[in-house]
Amino acid sequence: MKRDIGLVWLKGHLYGVLYLAVIVGVIPFLLKGLDRYLPLALPGLLRDAGVVVFLAGLALDYWCLWLFITRGRGTAFPLDPPHALVVNGPYRYVRNPIVIGMFAMILGEALYFTSSVVLVYTVGGIVAYHFYLVYVEEPELKGRFGTPYEAYEMAVPRWIPRLRGP
């Protein structure tokens, strides 16, 4: 099935911006206001590191989004997922780089805002997303892509990137 790359590009970017605006923008912004109720404080020296971590996560997320659009001919949106299995770029080293990028951005915000509540949100989100991946997304990918995904799953780690390609 041939897809109009312009439409896929538009939908992919629209979904990416909206999703990240809520998960990375609105929720952490609201949560950082709760820091007064959690007596933990992160050192202010972490602010500069937070900017670097955030920007690295943003770059990784955009790279993955671009690969979904150009190689997978789909988006990160569950109702319009990639039609081809994407195993290029950062996907050669780890199966979930787009998720790693998203949580890097949130961690960067926690460090920048010196927010212990946003840090807890980051850790809780990672745990919740892990279970979503294991029990929902990975079985769906196995069903959609079959043997090629199973081979990919066996060759590439879920979370900790390997240091060399296949």
(request) Could you check, for the range 34-55, whether at least one of its residues is closer than 29 Å to M154 by Cβ and either among the aliphatic types (A, V, I, L, M) or without any contact (Cβ under 8 Å) to a residue 60 or more places away in the chain (or both)? (result) no
(message) Of all residues being among the β-branched types (V, I, T) and surrounded by 16 or more Cβ atoms within 10 Å (Cβ to Cβ) in the range 103-120, which is farthest from G33 (Cα to Cα)? Just the residue, please.
(response) I106
(request) Name the residue, out of V94, V123, V87, that is free of Cβ contacts under 8 Å to residues at least 12 places away in the same chain, surrounded by fewer than 21 Cβ atoms within 10 Å (Cβ to Cβ) and more than 15 Å from G16 (Cβ to Cβ). (result) V123
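Residue by residue, here is whether (1) more than 24 Å from G146 (Cβ to Cβ); (2) modelled with pLDDT of 85 or more; (3) in contact with an Asp or Glu (Cβ under 8 Å, 6 or more places away or on another chain) holds:
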position	(1), (2), (3)
G16	yes, no, yes
G33	yes, no, no
G44	yes, no, no
V52	yes, yes, no
L60	yes, yes, no
W66	yes, yes, no
P82	no, yes, no
G89	no, yes, no
(request) Give V94, V86 a once-over and let me know the one that is part of a loop (DSSP other than H, G, I, E, B) and closer than 19 Å to I126 by Cβ. (result) V94
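The values are calculated or read from the model by the stated rules, or taken from the named source; none is laboratory data. The structure presented is a predicted model; accordingly, all values stated were derived computationally and were not measured. When we count neighbours, we look across all protein chains shown, and the Cβ atoms used for this are built from the backbone with ideal geometry, even at glycine.
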